[in-house]
Amino acid sequence: MLVRHGLSSFNLDQRFQGRDDLSSLLEQGVSQARAAGQALAEVPLTAVYSSPLSRARDTTRLLLEAHGQPLSIDFDDDLLEIDLAPWSGLLRREVRQLYPEQERTWRQAPETMELQRQDGTVHRPLPDLMVQAQRFLDQLLERHGQALAGGAQATVLVVAHNAILRALLLQALGLPASGFRRLRLENASISVLNLEREGSGRIQVQIESINGTSHLGEPLPEKGAGPRLLLVRHGETDWNREGRFQGQIDIPLNANGLAQAEAARRFLAPVPIQRAYTSSMARPRQTAERILVDHPGVPLTSTTGLLEIGHGLWEGQLEKEIGAAWPELLADWKSQPHTVQMPEGETVRDVWDRSLTTWQRIARSLDPAETALVVAHDAVNKTILCALLGLGPEAIWSIKQGNGGVTVVDYPQGADSRPVLTCMNLTAHLGGVLDRTAAGAL
């Protein structure tokens, strides 16, 4: 579990902090740290790691006090914030004035930016930070990997800073530093990664959620310039609960799915929505219609481009039934899904192409001030999010989409520019920080 430190004095002043220990938590930051601890109170922790810088150190201490579980804190220098010397302490406008070329590069292509220290040495802050992040991940797996190997569960809390946490997410997903600006992390936000050791010994990484902030009093981070899309997975069906492959069979929501849609309605009630789109199937349409109760007059458009993956002959069957008839194909579906042609059905690439075409068409149709609701399915959402993050079709299992989960995608420079994954798979409105929705088949 990754938590960014609470609001600091430099955050408020819009100063560059870097790894100098010159700022401290504000009263609001103290409250945020305690709120994060209360939100995590239901989660037993195995170990706690923190940056040694005071804003992170104090956040960790306050969080653990509110959490109620006495644990020692391991302060790790590999969780230090990005080294932005000689910018540390300067206002953002001062950096724009003093270092115009480097500041522009920092905003547009930070992985290529170089800075010169006072002693004349030149360093590349973001590539260096990526190395640091990978070193921390390697050490974390070395310390806690035995639990994974034995099938046990360990929940590790990591409290650090904006840039290093983004670097950790990129390294966990095997993404390059060029993806740095595709992620957003608010002060005291909570993100969840799941690590599982497969039979081959390889570690499978799944991003469960990113940048959850509802424990801070607002459902979503503030919208800036450019259009925003709210991507929601439909509520639960009986087949989700049973683990039955449903694909394009039109199964409606069950009672729990309707309750999840109602929870999503309450969660998104204060969020302005101007347009809405849904897959043409019943389960996402029911979810969208329930959410839109608090947004009267918003038109709902159905599209076949957002249909769930067609499982062909697998539809309606349980995994054990599929495994009996197509054991090798099912094994490939679990390990390398991009290689599988469903018997009389679709491939992940088929879903990828039509989903992204539909998504881009929706995004380009929005005015900069508009927010659109998009309600679809597990495989559809996963392919869209993989593409937005820079992952390929082979990585769909790296993304989790819970029934009724909410994802936020912003386009600060317009729909034809780089997207920002502002939040992913928020499920706190369904009963807690962790996603406990049905883990059934697509």
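Points worth noting:
- Per the listing Gly392, Gly345, Gly404, the residue uniquely of a type outside the set (Lys, Arg) and out of contact with any Gly (no Cβ under 6 Å at 6 or more places or on another chain) is Gly392.
- Where Ala172 falls short, out of the listed (1) farther than 20 Å from Gln17 by Cα; (2) of a type in the set (A, V, I, L, M, F, W, C); (3) in contact (Cβ under 8 Å) with a residue 60 or more places away in the chain: (3)
- Restricted to the stretch 218-250, and to residues there that are buried (at least 19 other Cβ atoms within 10 Å of the Cβ) and of a type in the set (A, V, I, L, M, F, W, C), the residue that is nearest to Arg418 (Cα to Cα) is Leu229.
- Residues that are over 22 Å from Gln248 (Cβ atoms) and free of Cβ contacts under 8 Å to residues at least 60 places away in the same chain within the stretch 370-416 comprise Gly392, Glu394, Asp416, listed in sequence order.
- Leu229 vs. criteria in contact with a helix residue (DSSP H, G or I) (Cβ under 9 Å, 6 or more places away or on another chain), in the same structural domain as Pro419 (by TED's automatic domain parsing) and not small (Gly, Ala, Ser): yes
Quick grid of which residues meet (1) in contact with a Lys or Arg (Cβ under 9 Å, 6 or more places away or on another chain); (2) acidic (Asp, Glu); (3) within 29 Å of Leu115 (Cα to Cα):
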{"residue": "Arg4", "(1), (2), (3)": "no, no, yes"}
{"residue": "Ser9", "(1), (2), (3)": "yes, no, yes"}
{"residue": "Gln17", "(1), (2), (3)": "yes, no, yes"}
{"residue": "Asp20", "(1), (2), (3)": "no, yes, yes"}
{"residue": "Ser23", "(1), (2), (3)": "yes, no, yes"}
{"residue": "Val30", "(1), (2), (3)": "no, no, no"}
{"residue": "Val43", "(1), (2), (3)": "no, no, no"}
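- Among (1) of a type in the set (Gly, Ala, Ser); (2) out of contact with any strand residue (DSSP E or B) (no Cβ under 9 Å at 6 or more places or on another chain); (3) farther than 30 Å from Leu292 by Cα, the one test that Ala172 misses: (2)
- Looking only at residues in the stretch 35-65 that are part of a loop (DSSP other than H, G, I, E, B) and hydrophobic (A, V, I, L, M, F, W, C), the one that is nearest to Leu79 (Cα to Cα) is Leu53.
- Against the numbered list (1) among the basic types (Lys, Arg); (2) within 30 Å of Gln171 (Cα to Cα); (3) touching a helix residue (DSSP H, G or I) at 6+ places or on another chain (Cβ under 8 Å), Arg241 comes up short only at (2).
- Residue in the stretch 387-404 that is among the polar types (S, T, N, Q), under 16 Å from Leu230 (Cβ atoms) and surrounded by 21 or more Cβ atoms within 10 Å (Cβ to Cβ) present: yes
The values are calculated or read from the model by the stated rules, or taken from the named source; none is laboratory data. The shown structure was predicted, so the numbers you read here are calculated from the model rather than taken from an experiment. Cβ: placed from backbone, ideal geometry, glycine included. Neighbour counts: every protein chain shown.
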